[in-house]
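Comments concern the structure below.
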Amino acid sequence: MGSTPRHLLPHRLPGLLIVLALSCAASQSYAQALIGQSASGQPPRGGLMPGRPMAPAVAPDIVEARELLSQQKWSEANALIESQLAKRPRDPQWRFLQGVLLAETGKRAEAISAFELLTEDFPELSESYNNLAALYVEQQEWNRARLLLERAVQNRPDYALAHENLGDIFTQLAIQSYERATKGNQPAPSVRLKLDHLLKTPAIRNARITTNR
């Protein structure tokens, strides 16, 4: 297929290439990762420890950074993020927001690199896989995005956003398969019916691959 169908492009706001949904679950999991670090400063491996207390309220500087990103104040957001990373270079929240900033300002390769490093350093955090998948969707790398989302929901089975995005990926793969089938040798009449049903269903037509902030 030549281009990404509009109904499966990442959700957009004026001037933004990706809408980043505020997620309480994201804040909780990142805070839990920090709580779970050992005295040596190393992150926990093999997933978040069960039974840990719920995360406290989001830090004011994190809230400020998100607001700057929402207002498209890129320079101010970058200055704040860089200043915090200078103090805490391994902090997953600030590294995540750096990836968000890179994605929103069109630096796709750098954003992909930032989120990939996050998945390596903090493999238990699902939001990085979700946002990385959205970037690969823009490049029409559907199967790569699928694998990332499957890892996200494997880490956190109640991650509704990633489940929804994964459903949209499977739908896109189904559309591609049905379209190829219609061009094959003696396609069954049901193939066209299935394809038309998918393309005409409003919930599918209006689907968006959504990312976290």
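Computed from the coordinates by the stated procedures, all read-outs in this text should not be read as laboratory data. As the structure is a prediction and not an experimental result, all values here were calculated from the model. For neighbour counting, all protein chains shown are included, and Cβ atoms are generated from backbone atoms with ideal geometry for every residue, glycine included.
No other residue among Glu104, Glu110, Glu116, Glu120 is buried (at least 19 other Cβ atoms within 10 Å of the Cβ), farther than 11 Å from Ile169 by Cα and of a type in the set (D, E, K, R) apart from Glu104. Counting only helices (runs of 4 or more DSSP H) that fall entirely inside the range 77-182 and contain at least 2 residues that are in contact (Cβ under 8 Å) with a residue 60 or more places away in the chain and either over 29 Å from His197 (Cα atoms) or among the polar types (S, T, N, Q) (or both), the qualifying elements are 92-104, 126-138, 160-182. Filtering the range 168-175 for residues that are in contact with a strand residue (DSSP E or B) (Cβ under 8 Å, 6 or more places away or on another chain) and either closer than 19 Å to Arg66 by Cβ or acidic (Asp, Glu) (or both) leaves a non-empty set.
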